[in-house]
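Student: Once you've had a glance at the structure underneath, I'll fire off some questions.
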């Protein structure tokens, strides 16, 4: 028997229903984005503490210029604000979450690169912290679950 157009539409709707929802890899992706947000805020707090008390760095030659502190902290706070907007949109299942997620996944590595050039991030730390964002770009663009979940 051949499928009628109505049957094909029903099958498509059913498969979309199975893929929609914050489950599977999407939960992991949102957790990683939330972790990066909290991690950035903790490092921002740590940079302020080290600026005010450089002896805590336990190295003889540690110094953090005010310009470096401001660059790092302000950009980290901007990323955190964008991350909060993204997570709120994601949990409300708004279609705009995809665009915000893509923007965040591009801006985060840019900030990491700038911090690395400014001497505030190691080679290893830059690469490790960039990987979730690069994977996130592909996930947001290619995932059927993302397209089925963020529809409002």
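The values are calculated or read from the model by the stated rules, or taken from the named source; none is laboratory data. For clarity, every value in this text was computed on a predicted model and none was experimentally measured. Counting neighbours? That spans all protein chains shown, and the Cβs are built from the backbone with ideal geometry, glycine included.
Student: Please determine whether any residue of region 62-82 is in a helix (DSSP H, G or I), in contact with a helix residue (DSSP H, G or I) (Cβ under 7 Å, 6 or more places away or on another chain) and farther than 24 Å from residue 136 by Cβ.
Tutor: The answer is yes; a qualifying residue exists.
Student: Still on this structure, I have one more. For residue 49, work out the one condition from (1) assigned to a helix (DSSP H, G or I); (2) modelled with pLDDT under 70; (3) farther than 30 Å from residue 137 by Cβ it doesn't fulfil.
Tutor: Evaluating residue 49 over (1) assigned to a helix (DSSP H, G or I); (2) modelled with pLDDT under 70; (3) farther than 30 Å from residue 137 by Cβ leaves (2) as the failure.
Student: Of the residues that sit in region 126-152 and are in contact with a helix residue (DSSP H, G or I) (Cβ under 8 Å, 6 or more places away or on another chain) and under 25 Å from residue 70 (Cβ atoms), which one is surrounded by the fewest Cβ atoms within 10 Å (Cβ to Cβ)?
Tutor: Ranking the candidates gives 126 first.
Student: When residues of region 101-124 are filtered for being surrounded by fewer than 16 Cβ atoms within 10 Å (Cβ to Cβ), in contact (Cβ under 8 Å) with a residue 12 or more places away in the chain and either touching a strand residue (DSSP E or B) at 6+ places or on another chain (Cβ under 8 Å) or over 18 Å from residue 34 (Cβ atoms) (or both), how many remain?
Tutor: 5
Student: Same structure, new question: Counting only residues that are under 16 Å from the mean Cα position of the chain (by Cα) and surrounded by 12 or more Cβ atoms within 10 Å (Cβ to Cβ), how many does region 43-83 have?
Tutor: 9
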